[in-house]
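The structure appears right after this line, and notes come after that.
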Amino acid sequence: MPEKKLSQEESGRSIEELERQIADLTEQINAKRRAAPSSEVPDYALRTSSGQVRLSQLFAGHDKLLAIHNMGQRCRYCTLWADGINGFVPHLESSMAVALLSKDPPDVQRRFANSRGWRFQLASHLGGDYIREQTTMEGEDNMPGVVLYQKREGRIFRKNSAVFGPGDMFCPAWNFLAMAGLGVDTWTPQFSYWQVPTKLEDGGANLLPVQLLED
């Protein structure tokens, strides 16, 4: 039996109803996050361009720390997430510290962050104990995501975590793409969208490709 086509008005009502359901479910998720128990974690040693730091130092005077787990400068998807979150950093930092952690060495982190205009605190776990024990997905030691830590009486507790993935609630770009009929199977993020003009005023001799990644 052929599927019944909805009118534009019927389609709009159907979408609005689903949006209300999503809003209700999101509030249920947030309520569970507020009520979630916390577990104490070690004060891990991390590396920055200034030397070794402890996880506790990333709190920067706050009692909460949002730790963004990034796969590193070779991941276009992680870069998309970080580009989006970067715009919210000043707002988030009014209530908590924000840090981006990856396995890249500190000098690589800094160069790439500067090239993207990122404002995050940066720290490297170098693929060590931190990411193995604090992963956002069990069994995966370099999974992109986010962890919320709390500090109480000098001790650090893990309160909430979430995995990042295409279409999630942490990267609004996917919702805008979906409105245009685009999705994971038809669109892939890039590091840069600059294209070589068909004609260069200088003649175009000796044009080199843009170098984005470290060997």
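Laboratory data are not the source of any read-out in this text; all were calculated from the coordinates shown. These numbers were taken from a predicted model, which means no experiment stands behind them. Because the Cβ atoms are built from the backbone with ideal geometry, glycine has one as well, and the counts that use them run over all protein chains shown.
Here the label points at SER49 and ARG34, each 7 Å from Cα along the C-beta direction, are separated by 4.0 nm in the simple model. A straight chain from SER192 to GLU140 at 0.36 nm per residue would run longer than the Cα-Cα distance by 15.9 nm. Along segment 61-68 the Karplus relation, 6.51 cos²θ - 1.76 cosθ + 1.60 evaluated at θ = phi - 60°, assigns HN-Hα couplings of x, 8, 9, 10, 9, 9, 9, 8 Hz to successive residues, with x for each Gly and Pro. Rg over Rh for segment 57-122 works out to 0.95, both radii taken from alpha-carbon positions and Rh defined as the Kirkwood radius.
Couplings 3J(HN,Hα) for segment 170-186, derived from phi with the Karplus relation 6.51 cos²θ - 1.76 cosθ + 1.60 (θ = phi - 60°), are 9, 9, x, 4, 5, 5, 5, 4, 4, 5, 9, x, 10, x, 4, 7, 10 Hz, where x marks Gly and Pro. In this structure, the amide hydrogen of ASN160, modeled 1.01 Å from its nitrogen in the peptide plane, lies closer than 5 angstrom to those of LEU148, counting only residues at least 5 positions away or on a different chain. Equivalent-ellipsoid semi-axes for segment 142-204 (Cα gyration tensor, √(5λ), whole Å, largest first): 40, 19, 9.
A Förster radius of 41 Å combined with the Cβ-Cβ distance from LEU200 to PHE170 puts the calculated FRET efficiency at roughly 0.55. Note on the chain: GNM, Cα springs under 10 Å; of GLU93, GLU40, GLU16, the largest mean-square fluctuation is that of GLU16.
Sorted on the mean count of surrounding Cβ atoms within 10 Å across their residues, most packed first, peptides 47-55, 73-81 read 73-81, 47-55. Along the charge dipole of the chain, which of ALA35, ILE156, TYR130 sits closest to the positive end, that is, farthest toward it, with unit charges on the beta carbon of Lys, Arg, Asp and Glu (+1, +1, -1, -1)? Result: ILE156, furthest along the dipole toward the positive end.
According to the square roots a ≥ b ≥ c of the eigenvalues of the Cα gyration tensor, what is the shape class of segment 98-141, taking rounded for a/c under 1.5, prolate for a/b larger than b/c otherwise, and oblate for the remainder? Cα axes put segment 98-141 in the prolate bin.
In order along segment 132-144, the phi-based Karplus estimate (6.51 cos²θ - 1.76 cosθ + 1.60, θ = phi - 60°) of 3J(HN,Hα) comes to 5, 8, 10, 4, 8, 9, 4, x, 10, 9, 8, 7, x Hz; Gly and Pro are listed as x.
Is the shape of segment 81-197 best called rounded, prolate or oblate, per the rule: a/c under 1.5 gives rounded, else a/b larger than b/c gives prolate, else oblate, with a ≥ b ≥ c the square roots of the Cα gyration tensor eigenvalues? Verdict is prolate for segment 81-197.
Grab the DSSP H runs of the chain that are 4 residues or longer, score each as -39,500 (n - 2.57), total them, divide by all residues and round the 222 nm result to the nearest 500 deg cm²/dmol. Counting only the DSSP helices, I get -9500 deg cm²/dmol.
Name the most mobile residue of PRO172, PRO106, PRO144, meaning the one with the largest mean-square fluctuation, in a Gaussian network model of the chain with Cα contacts below 10 Å. Between PRO172, PRO106, PRO144, it is PRO172 that shows the largest mean-square fluctuation. Summary value for segment 36-163: 33 percent relative contact order, contacts being C-alpha pairs under 8 angstrom separated by 6+ residues.
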